[in-house]
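J.: Okay, handing you the structure first.
Taken together, the values in this text are just the output of simple stated rules run on the coordinates, not laboratory data. The shown structure was predicted, so the numbers you read here are calculated from the model rather than taken from an experiment. Virtual Cβ from ideal backbone geometry, glycine too; neighbours counted across all protein chains shown.
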Amino acid sequence: MATFVIVHGGFGGGWEWTSVADRLRGAGHHVFTPTLTGMGERAHLGPAVGMSTHVQDLVAVLNFEDLSDVVLCGASYGGMSVTGAADRCPHRVGQVIYVDALIPADGQTGLDLLPEVFGDMVRAAVDEHGHGWVPMPSELLPPEGLIPDPERVRYINRLRPQPAATFTEPIRLSGAVERLPRAFVRCTTKVVDFGGDPVAPMAARAQSERWPYRELAAPHDPHLFDPAGTAAVLQELAG
């Protein structure tokens, strides 16, 4: 059985992945769904939080849980921090899976990979120290009609603003992550357009470098719209 560490995307928390984690645990896997500092149930710890803190969050999980041969999964924004953690602790990671996620290079920030319209929002939120809260863009909220409305409302009510420096602080990589096995899951159902599709270049890279590549007929948050399908594709790639 595999050991999964699944990292949520922007404005969310580990709580988002409970439905997927329950399915994987039911199949006998070990699953951790940490929440990054300043987000979810840890939102009270912001906003003076940057990318390096999120990388350290995951390094701490890997080290203090004494994990090895981990299937380290990053969704959306979570691809940033899993890349950093895998680069720091390659001896603990067996595979990195990007779930419709960002894949940074050394020295890049989230804003280097995200649409300009989102960058404008982030820059408007920062104070003179580079800190502040970035609100969830209303354009990125789950649209009506795809899941029952009470479930959609419960999900939206738990989203929180995100610390600005997590988008503006450059990630630092040694290159170790480039030597790890990596895979990509592309969500193919497009329901929103907020200045472009930042994941398309990531998916193209994964295909050009011949990573294991799977497509999931779900919107960008597959754990919300198709938890069973998401769990199945993660199991298949890990296997």
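J.: Residue check: is A21 out of contact with any helix residue (DSSP H, G or I) (no Cβ under 6 Å at 6 or more places or on another chain) and of a type in the set (G, A, S)?
T.: yes
J.: Residue by residue through segment 46-55, note down the ones that are closer than 17 Å to D106 by Cβ and surrounded by 18 or more Cβ atoms within 10 Å (Cβ to Cβ).
T.: G50, M51, H54, V55
J.: Within segment 50-73, which residues are part of a strand (DSSP E or B) and among the β-branched types (V, I, T)?
T.: Selection gives V70, V71.
J.: If you don't mind, there's one more thing I want to ask. Quick one: in segment 107-133, of everything that is touching a residue at least 60 places away in the same chain (Cβ under 8 Å), in contact with a Pro (Cβ under 8 Å, 6 or more places away or on another chain) and of a type outside the set (F, W, Y), which residue is surrounded by the fewest Cβ atoms within 10 Å (Cβ to Cβ)?
T.: G107
J.: Suppose we keep only residues that are within 17 Å of T53 (Cβ to Cβ) and among the charged types (D, E, K, R) within segment 66-103. Which one would you say is surrounded by the most Cβ atoms within 10 Å (Cβ to Cβ)?
T.: So, considering only residues that are within 17 Å of T53 (Cβ to Cβ) and among the charged types (D, E, K, R), the one surrounded by the most Cβ atoms within 10 Å (Cβ to Cβ) is D87.
J.: Got a number for residues in segment 58-106 being within 20 Å of A238 (Cα to Cα) and without any contact (Cβ under 8 Å) to a residue 24 or more places away in the chain?
T.: Number satisfying all stated conditions: 2.
J.: How about segment 195-236: which of its residues are in contact (Cβ under 8 Å) with a residue 40 or more places away in the chain, part of a loop (DSSP other than H, G, I, E, B) and under 18 Å from I156 (Cα atoms)?
T.: P219, H220, D221
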